[in-house]
1. What's the extension gain from ARG39 to ALA112 if we count 0.36 nm per residue and subtract their Cα-Cα distance?
2. Can you give the angle from 0 to 90° between the axis of helix 83-104 and the longest principal axis of the chain, with both taken from C-alpha atoms, to the nearest 10?
3. What is the order of VAL100, VAL89, fewest Cβ neighbours within 10 Å to most?
4. 5 Å is the cut-off here: which amide hydrogens, built 1.01 Å from N in the peptide plane, fall below it relative to THR31, excluding neighbours closer than 5 in sequence?
5. Between LYS80 and SER55, 0.36 nm times their residue separation minus their Cα-Cα distance comes to what?
6. Name the long-range amide H neighbours of VAL72: under 5 Å, sequence gap of 5 or more, or other chain; modelled H, no Pro or chain starts.
7. What FRET efficiency would be calculated for the residue pair SER87, HIS27, taking the C-beta separation as r and a Förster radius of 22 Å, to the nearest 0.05?
8. Which whole-Hz couplings ³J(HN,Hα) result when phi for each residue of region 28-33 is put into the Karplus expression 6.51 cos²θ - 1.76 cosθ + 1.60, θ = phi - 60°, listed in order with x for Gly and Pro?
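Values quoted throughout were computed directly from the atomic coordinates according to the rules given, and no laboratory measurement underlies them. Because the structure is predicted, anything quoted here is derived from the model rather than measured. Cβ placement follows ideal geometry from the backbone for every residue including glycine, while neighbour counts extend to all protein chains displayed.
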Amino acid sequence: MSMETKRVLVAGVQGVIGRAAAERFAHLQQTKVLGLSRRPGDLVDVEHISVDLLSPTDVRSKLANLTDITHVVFAPYIEKPTAAQRSSVNVALLENLLDVIEPASPSLRHIAFYQGGKA
């Protein structure tokens with residue numbers, strides 16, 4: 001197994017799924033975790049960036065310098081009244097993030113998608 005350092009970006013780090021993923025990855029050797037959310041971060045061993053993933057300008061200005069991301073955990077979720085509205089807003093979160101991270105981080109190897117919501 002390779003001992004290279006993994007740089008894991010967890011979007012939605014203040015949600016249930018994102019927090020659990022960040023906490024798990026933060027305990028792995030050779031792994032550094034960066035958490036994204038609009039709210040201030042409070043996790044130990046997780047570097048936090050407050051960013052509005054609905055704003056392409058904010059995403060670009062705050063994340064374009066991340067050139068070493070190897071893994072993305074995508075866990076943000078915005079609830080809306082209809083399926084079409086939910087799809088639209090949550091796809092925008094993903095597109096805005098990947099439009100910046102993919103070209104900036106040539107070492108990106110894996111993206112995991114986790115979506116919550118009401119049952």
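1. Computed gain between ARG39 and ALA112 is 24.1 nm.
2. Approximately 30 degrees, to the nearest 10.
3. VAL89, VAL100
4. Distant-sequence amide H within range of THR31: LYS6.
5. Value of the extension gain: 7.2 nm.
6. LEU9, HIS110, ILE111, ALA112
7. The formula returns an efficiency of 0.05 here.
8. Per-residue couplings from phi come out as 7, 5, 6, 10, 10, 10 Hz.
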